[in-house]
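Asker: Attaching a single structure in structure tokens format; questions to follow.
FYI, it's all coordinate maths here, none of it is from the lab. All values reported here derive from a predicted model rather than from experimental measurement. Because the Cβ atoms are built from the backbone with ideal geometry, glycine has one as well, and the counts that use them run over all protein chains shown.
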Ligand code: TYC
């Protein structure tokens with residue numbers, strides 16, 4: 001008389017909330033043979049809000065080693081600042097360039 005019902009327990013696929021932080025991006029200063037040292041320092045102070053001493057040290061590192069990591073930001077900020085700094089140099093006729101790359 002009484003009907004038997006089979007209850008199949010539902011396997012719940014609970015999605016684990018992903019709270020991974022978005023990657024940070026490095027802004028990298030590239031050396032060149034033409035941009036005056038003082039102009040590099042000015043751009044670092046203006047765009048990256050560095051003090052004179054830090055800006056000078058960063059400029060010197062890029063000058064000696066070819067590149068120097070300036071700072072890390074969220075991707076859009078890193079891209080905007082790198083472009084702003086590169087454009088500023090371009091507007092003065094200097095080949096000074098900044099690039100971005102993701103952190104490990
Ligand atoms: N190498 C340049 C010079 O001798 C100065 C310079 C330093 C340029 C750092 C770019 O990222 C740079 N005038």
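Asker: Anything in segment 71-104 that is closer than 18 Å to residue 36 by Cβ and crowded, with 16+ Cβ neighbours inside 10 Å? List them, or say none.
Answerer: The answer is 85, 86, 88, 89, 94, 96, 97, 98.
Asker: Continuing with the same structure: If you check residue 86 against the conditions, is it under 17 Å from the mean Cα position of the chain (by Cα) and free of Cβ contacts under 8 Å to residues at least 40 places away in the same chain?
Answerer: Yes; evaluated as a whole, the condition is true for this residue.
Asker: Starting from residues that are out of contact with any strand residue (DSSP E or B) (no Cβ under 8 Å at 6 or more places or on another chain) and free of Cβ contacts under 8 Å to residues at least 40 places away in the same chain, keep the ones in segment 24-49 and report whichever is farthest from residue 96 (Cα to Cα).
Answerer: This residue is 49.
Asker: Being surrounded by fewer than 13 Cβ atoms within 10 Å (Cβ to Cβ) and touching a strand residue (DSSP E or B) at 6+ places or on another chain (Cβ under 8 Å) is the filter here, so list the residues in segment 55-66 that pass it.
Answerer: Result: 66, single match.
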